[in-house]
Each structure stands twice: as structure tokens, then as C-alpha cells.
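Visitor: Have a look at this one before I ask anything.
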Amino acid sequence: MVGSAICRRLHAEGYRNLTTRTRAELDLLDQGAVHQFLAAERPDYIFIAAAKVGGIHANNTYRADFIYQNLMVEANLIHGAHLAGVQHLMFLGSSCIYPRDCPQPMREEYLLTGPLEPSNEPYAIAKIAGVKLCEAYRDQYGLDFISVMPTNLYGPNDNYNLDTSHVMPALIRKAHEAKIRGDRELVVWGSGAPKREFLFVDDLAEACSLVMERQSAGATLPSLVNIGSGDDLSIHDLAEIVMEVVGFSGTISFDATKPDGVLRKLLDSSRINRLGWRARTTLRDGIRLSYQDYLSRFAA
């Protein structure tokens, strides 16, 4: 989802010499293959959007997979970029790197100031390691390696697998299937009380391009930059909006036996806002575009 959005943005800005690989073409867990690829291609800029990602269930179930695979992918790419002489690199992290009981909104300097949310701790630790790798290579070698922390993302090419998806695509699929079956209620995990911030993926891509352009032009930017929409809402309210967009008129039923996760996660996006960027896609418009994407891919 993120990689394709960044490619769309770069194409829109006139960049044509883009080098991408599918997992079948290049296994990022294979250090030798990654280093050989980077040495041959020698890209001017690298956006690391590749990662093993998932929602609460996947993070908590496949804990070893999440920490191992993400550590290997980022280490192979970041060190390989250094060996290949790449000067400009962007690592995309996750807002789950911040402590479970973090003050809201979450500022970049709150990193490593408290315990993490247990359900996604392995994934968060891997992402924190990626941030620190970029900082270390930046400090030791003077490289323009920077990390950006997106909030909860959604949009075209999202993952709608209910076993591994995040809350937004899961709700879109559940609401659509409930409508098709003629169900009377939509079952949502947790209590519905937790609040989450959401960002349309093409808005993120615009922010990533801006940060990379500013840094490569010589601007002195911090090593870590949050990217969020600036607004959050409860899962209950999110479910109601999704139901309205999808056209499901039933009621909501919350499964309190399922985990809520952190009660609130809102990023402080002051740093990226000061560069002149703000999210442009409203939540309702973004959900509508995401639903169209789901229909075109799975409900044709």
C-alpha cells in the first residue's frame, strides 16, 4: 500500500527512473541478495516502505515473525545502502514505537520514555531499531538517513485479510460482507472506546516526498519526523462512518473479549506541519476511496 502510493506520488512529480522489486524478485531477508542488488543499482534515494505489518491479532500471534523479519529487512537495506554509497534514505516506522502510556499528542522526543504496548511490542522494538540504525549511520558517516513515523494508514492496495489486517480495512470488509448477507449487526473487536488517528496513504506519500526533497536540498531536519492527520476518533465513531459509506444500515455489536490495545494514539505532527505539509484527504473521502478500491479488487 505505502510503496505503491510513494511511486504514484513520485510519478506525479515527474520522476521516472524508479527501481522497485517484488518479494518474488528480491527477498529482503537475504542479506547477500540485498547487498548485491544495491551495489548493482546504486540508487540515489531509497524509501524503505517494505515491512511485515498487521493488526492487533497478527502482531500478538506472530510475535517472532514480526520482530525477526522487520529487523532483518531494515538492517539489510540500511547497511547495504551505506556499503553502496547511497546518501539519501528514508525509513518508515510506526506510531506504535511510542510508549503505551504516552502523553497525547505524542511528540518525537517521547520515544523510549516508557514501556511499550505488550500486544505489539516485538514489532515496535524492530521499528525502534530501524530508527536507531538510521540515527547511528547518520551520526557516524554523515549520511542523510531519516525516519518518518506515520500514524494509522489506509487507502488503495490495503490488506483486507481479516486475520492480518488493520482496523480500517477490516471494518470496510466486514461492513460490506454484512450488507451483502443482509445481517442486522456489525461485530467490532474490543469496546469501541479506544481512539485512533488515520491518514490516507497518498497524503503520507506527499509528506515523504517533501521530507526527502528538503533534506536532499540541504535542509537540516531532525532524525525523526511524525506524520499524522492531526485528528482522532473512537473506534465506535469510525465504525459508524464506515457503515454509512458502505451502505450498511444495521447496528454495531462490540466483542469485549477481544483486546483494545492502547487507549489513544495521536501524533504531534508539528515538525512536518512546519515544512508546509498538512493532510488534505478528509476521513470520509478517504474511506469512500478505500471502499471503491476494495470493490474493484475483491467484489467485482
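Computed from the coordinates by the stated procedures, all read-outs in this text should not be read as laboratory data. The model shown is predicted, which means the values in this text are computed figures rather than measured ones. Cβ: placed from backbone, ideal geometry, glycine included. Neighbour counts: every protein chain shown.
Visitor: Rank Leu153, Leu224, Leu26 by mean-square fluctuation in a GNM of the chain with C-alpha springs under 10 angstrom and give only the top-ranked residue.
Guide: Judging by the Gaussian network model, the answer is Leu26.
Visitor: Using a Gaussian network for the chain with springs between C-alpha atoms less than 10 Å apart, which of these wobbles most: Glu41, Glu117, Glu135?
Guide: Looking only at Glu41, Glu117, Glu135, the biggest GNM fluctuation is shown by Glu41.
Visitor: Then there is this: Remind me, relative contact order of region 40-135 in percent, using alpha carbon pairs under 8 angstrom and six or more residues apart?
Guide: For region 40-135, the relative contact order is 37 percent.
Visitor: Each residue of region 52-58 in turn: what ³J(HN,Hα) in whole Hz from Karplus with 6.51, -1.76, 1.60 and θ = phi - 60°, glycine and Pro shown as x?
Guide: For region 52-58, the Karplus curve yields 8, 10, x, x, 4, 4, 5 Hz.
Visitor: Sorting Lys127, Lys132, Lys265 on the 10 Å Cβ count, fewest up front, what's the list? Provide the component values of the computation, followed by the final result.
Guide: Numbers: Lys127 27, Lys132 15, Lys265 23.
The order, fewest Cβ neighbours first, is Lys132, Lys265, Lys127.
Visitor: Right, another one. Net charge within 13 Å of Leu18 by Cβ-Cβ distance, Lys/Arg positive one each and Asp/Glu negative one each, not counting Leu18 itself?
Guide: Charge balance near Leu18 sits at +1.
Visitor: Give, to the nearest whole percent, the P(r) tail of the chain beyond 29 angstrom, counting all Cα pairs.
Guide: Value for the chain (Cα pairs over 29 Å): 34 percent.
Visitor: Sort out for me the Cα centre separation of region 1-52 from region 220-296, rounded to whole Å.
Guide: Spelled out, the Cα-based centre of one part sits 27 Å from the other.
Visitor: Per DSSP H run of at least 4 residues, take -39500 (n - 2.57); add these up for the chain, divide by its residues and hand me the 222 nm value, nearest 500 deg cm²/dmol.
Guide: -14500 deg cm²/dmol
Visitor: With angles folded into 0 to 90 degrees, how steeply does helix 167-181 sit against the dominant principal axis of the chain? Use alpha carbons for both and round to 10.
Guide: It is inclined by approximately 40 degrees.
Visitor: Would you grab the residues whose amide H sits under 5 Å from the one on Ile227? Only those 5+ places off in sequence or on another chain, please, with H modelled 1.01 Å from N.
Guide: Correct list: Met149, Thr151.
Visitor: Here's something else I'd like to know. Relative contact order for the chain using alpha-carbon pairs under 8 Å, separation at least 6, rounded to a whole percent?
Guide: Computed value for the chain: 21 percent relative contact order.
Visitor: Where Lys and Arg each count +1 and Asp and Glu each count -1, what net charge lies around Asp144 among other residues with Cβ under 15 Å from its Cβ?
Guide: -2
Visitor: Amide H to amide H, which residues 5 or more places from Val188 or on other chains are under 5 Å from it, using H placed in the peptide plane?
Guide: Ser253, Phe254, Asp255
Visitor: So, with +1 on the Cβ of K and R and -1 on the Cβ of D and E, and no other charges, what is the size of the charge dipole of the chain about its Cα centre, to the nearest 20 debye?
Guide: So the magnitude is around 260 debye.
Visitor: Which of Gln140, Gln36, Gln69 moves the most in a Gaussian network model of the chain with Cα springs under 10 Å?
Guide: Gln140
Visitor: Could you give the angle, 0 to 90 degrees to the nearest 10, between helix 31-41's Cα long axis and the longest principal axis of the Cα atoms of the chain?
Guide: The helix 31-41 is inclined about 70 degrees to the chain.
Visitor: On to the next question. Give me the distance in nm between label points sitting 7 Å out from Cα along the Cα-to-Cβ direction at Gln292 and Thr251, one decimal.
Guide: Once both label points are built, they end up 3.4 nm from each other.
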